[in-house]
Amino acid sequence: MAEGKERLSEEAIEDRLGSTPGWRREGDSIARAFEIRYHGGVALIVHVADVERLIGHHADIDLRWDHVRFSITTHDAGHRLTDADFDLARRIDAIAAAHEATPL
């Protein structure tokens, strides 16, 4: 398994959630939504996708007319949470801030 993609313990997950405010656990995923109008949302998604391609880790993305929702899990770790998920969450937060997306 790739570096950073080992399954995290429940304690480790709780610890990492504490350092990624705004992200919520949903089973074996973490999720967060941002308010941003449709065309801005498309630009945000393209920017996130460019970073995802570089790091080799991807979120599930839901685009609506007034918001974008990201859900992250590590598929090749059996759909479990790993450090790679929390790293991507922090990167998404930075990209969303640069796009002036408002956290929901």
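Laboratory data are not the source of any read-out in this text; all were calculated from the coordinates shown. Given the structure is predicted, the values throughout are model-derived calculations rather than measurements. Quick reminder, even Gly has a Cβ in these numbers, built from the backbone with ideal geometry, and neighbours come from all protein chains shown.
Data table
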{"read-out": "For the chain, with +1 on Lys and Arg beta carbons and -1 on Asp and Glu, the positive-most of 99, 17, 56 along the dipole", "value": "99"}
{"read-out": "Only Lys, Arg (+1) and Asp, Glu (-1) charged, at Cβ; region 1-41 dipole about Cα centre in debye", "value": "300"}
{"read-out": "Within the chain, longest stretch free of exposed trypsin sites (Lys or Arg not before Pro) [DSSP loop, at most 14 other beta carbons within 10 Å]", "value": "65-104"}
{"read-out": "Mean separation of Cα contacts under 8 Å (6+ apart) over length of the chain, as relative contact order %", "value": "38"}
{"read-out": "Sum of side-chain charges, residue 54 neighbourhood, beta-carbon under 13 Å (Lys, Arg +1; Asp, Glu -1)", "value": "-1"}
{"read-out": "Positive-end residue, the chain charge dipole about Cα centroid, Cβ charges, pick of 79, 89, 38", "value": "38"}
{"read-out": "Of the DSSP H helices in the chain, those whose Cα atoms cover at least 15 Å axially and whose Kyte score averages -1.0 or more", "value": "38-55, 83-98"}
{"read-out": "13 Å beta-carbon shell around residue 69, net charge (K/R +1, D/E -1)", "value": "-2"}
{"read-out": "Dipole magnitude of the chain about its Cα centre (Cβ charges: Lys, Arg +1; Asp, Glu -1), debye to nearest 20", "value": "280"}
{"read-out": "At 1.567 mPa s and 4 °C, Stokes diffusion of region 1-67 via Kirkwood alpha-carbon radius, µm² per second", "value": "94"}
